[in-house]
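What follows is calculated from the coordinates using simple rules that are stated; it is not laboratory data. Quantities reported herein were computed from a predicted structural model and do not represent experimental measurements. Please note: Cβ atoms are built from the backbone with ideal geometry, for glycine as well, and neighbour counts cover all protein chains shown.
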Amino acid sequence: MAKFTVEDKLEAIHRYLNGNESFACIASSMGTVKSEVIKWVQLYQ
């Protein structure tokens, strides 16, 4: 699994919170799994 920077994670979080993309779409484009993106968003909130 790839290691993501804080900036990468914040970008993913903001993409999701803007409401334009799903967890799965963001995860796929970043090369990770959906559950990882969900975790980042939950921790951010």
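Here are a few things to note about the model shown:
- Filtered residues of the range 17-45 (kept if within 17 Å of Val6 (Cβ to Cβ) and surrounded by 15 or more Cβ atoms within 10 Å (Cβ to Cβ)): Ile26, Met30, Thr32, Glu36, Val37, Trp40, Val41
- Members of the range 2-20 that are farther than 16 Å from Gln45 by Cβ and not in a helix (DSSP H, G or I): Ala2, Lys3, Phe4, Thr5, Asn20
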